[in-house]
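Asks: One structure is given below, represented as structure tokens, and several questions about it will come after.
The values are calculated or read from the model by the stated rules, or taken from the named source; none is laboratory data. No experiment lies behind these values; they were computed from the predicted model shown. Here the Cβ positions follow ideal geometry from the backbone for every residue, glycine too, while neighbour counts run over all protein chains shown. Heavy atoms of the whole protein, side chains included, go into the accessibility calculation; ligands, DNA and RNA do not. Shrake-Rupley method; radii C 1.70, N 1.55, O 1.52, S 1.80 Å.
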Amino acid sequence: TLLFVEITNLQKLCYRACLEQNRELLLRGVGSQGGGHVTFNNVSMMLRHCCNHPWLIREIEESALEQLQHESEVREPQSLREHNDEAYWRELRRGMERADSERYIARLVESSGKLVLLSKLLPKLKEDGHRVLLFSQFTKMLDLIEDLVEARGWGYERLDGAIGGKERQQAIDRFSD
């Protein structure tokens, strides 16, 4: 079965900026405040990255993570209770970190049409008892998918060039069982 996935508005903007080699549009579109150092040495590779996930382009990922850091709810203790009651502060801090993590995953997913599809499709396949093999030519894309499946608590096995032969076979055996 072949599924066609529409790219997100961010992907469209990045695609257009890469195609036109428009550095300002690219950086403005991702909300970058800095000057950035985007180079268009290999436009076709940048377009492929953009179609998978815009965060595969380093400057876009950096800008997105900077924005997430700016929106972070994690802060230092402010009230007397927060300073004096360690258990209370620890629980409050966990809640802030959970909110930040959820915001990261939401932004990760909504930035890529492929991840929007995966986030909808994988729970249904899991519910029906299916196992799924995902392939990507880009290890960074596997990193992003790994962030998603870990956040959702889904089991997975990762096989890439960094996995040795023995570990690879063990992962294949675990997946096959």
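Asks: With springs only between Cα atoms under 10 Å apart, run a GNM on the chain and tell me which of 98, 75, 48 wobbles the most.
Replies: 75
Asks: When the chain is modelled as a GNM with alpha-carbon springs shorter than 10 Å, which of 42, 22, 84 fluctuates the most?
Replies: Maximum among the listed residues: 84.
Asks: Still on this structure: How do 139, 1, 8 rank by accessible surface area computed with a 1.4 Å probe, from largest to smallest?
Replies: Correct descending sequence by accessible area is 1, 139, 8.
Asks: Let me ask something else about it. Cβ under 15 Å from residue 77's Cβ, residue 77 left aside: what net charge do those residues give with Lys, Arg +1 and Asp, Glu -1?
Replies: Once all neighbours under 15 Å are counted, the net charge is -2.
Asks: Could you check how many percent of all C-alpha pairs in the chain are farther apart than 29 Å?
Replies: 36 percent
Asks: For the chain, set up a Gaussian network in which alpha carbons nearer than 10 Å are linked by springs, and say which option among 55, 89, 154 fluctuates the most.
Replies: Per the Cα network of the chain with a 10 Å cutoff, 89 tops the list.
Asks: Leaving ligands, DNA and RNA out of it, work out the accessible area of residue 7 with a 1.4 Å probe and give it in Å² to the nearest 10.
Replies: Its heavy atoms expose roughly 50 Å² to the probe.
Asks: Between region 136-177 and region 39-87, what's the alpha-carbon centroid distance in Å?
Replies: What the calculation gives is 23 Å, centre to centre.
Asks: Then there's this: Treating only the Cβ atoms of Lys and Arg (+1) and Asp and Glu (-1) as charged, compute the dipole magnitude of the chain about its Cα centre; round to the nearest 20 debye.
Replies: 540 debye
Asks: Through the Karplus equation 6.51 cos²θ - 1.76 cosθ + 1.60, θ set to phi - 60°, convert the phi angles of region 132-144 into ³J(HN,Hα) values in whole Hz; use x for Gly and Pro.
Replies: Going residue by residue, I get 10, 9, 10, 10, 8, 7, 10, 5, 4, 5, 4, 4, 5 Hz, with x marking Gly and Pro.
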